1. Based on the Cβ-Cβ distance of residue 80 and residue 100, what FRET efficiency does E = 1/(1 + (r/R0)^6) give at R0 = 22 Å, to the nearest 0.05?
2. Kirkwood hydrodynamic radius, the range 3-114, all distinct C-alpha pairs: what's the number in Å?
3. Need the full-extension length gain, residue 89 to residue 32, defined as separation in residues times 0.36 nm minus the C-alpha distance. One decimal, nm.
Amino acid sequence: MGAAITYTLYLVISVSLTVAAGLALSRSGRVFLRDVFGGDEALAGAVSRLLVVGFYLLTLGFVVLAMQPGGQITGVRQAAGVLSVKIGEVLLVLGGLHLMNLVIFRRIRRRPAAAPAGSRPREPQPPQPLRHGPLADTPPRDPQDVH
């Protein structure tokens with residue numbers, strides 16, 4: 001098996017894995033983002049598309065950079081070895097980018113939601129009394145209460 005066939009297989013497998021992962025991220029991410037953005041389908045779809053485009057650009061950029069041939073491929077065994085290393089690298093990048101997307105989703109969810117237009121700001125709450133004692137639920141001890 002020659003280098004051309006090996007790298008063609010590499011491209012087909014890598015692009016297929018990237019597209020499958022991107023579609024899964026888009027589908028699942030849009031549902032999550034819709035919840036985060038209070039049911040705003042347009043905003044959830046836009047943010048999802050932006051994240052997926054970034055995912056595709058980073059992954060496919062890596063796939064193309066990793067296509068550098070590492071010398072002559074003279075046999076099937078060597079081709080399988082090169083292919084397994086290259087596909088393994090792509091899978092690691094896909095996994096890393098997936099985790100990065102989860103971190104982004106988590107940060108978006110933690111961000112306080114904007115108040116709806118026309119709503120009044122919440123009134124400030126009175127300060128809560130400070131709690132004392134090592135368990136914070138017990139009142140301070142009276143110094144004369146020590147036996």
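1. Using R0 = 22 Å, I get an efficiency of 0.15.
2. 15.5
3. The span from residue 89 to residue 32 would gain 17.7 nm if fully extended.
Any read-out appearing in this document is the output of simple, stated calculations on the displayed coordinates, not a laboratory observation. As the structure is a prediction and not an experimental result, all values here were calculated from the model. Glycine gets a Cβ as well: all are built from the backbone with ideal geometry, and neighbour counts include every protein chain shown.
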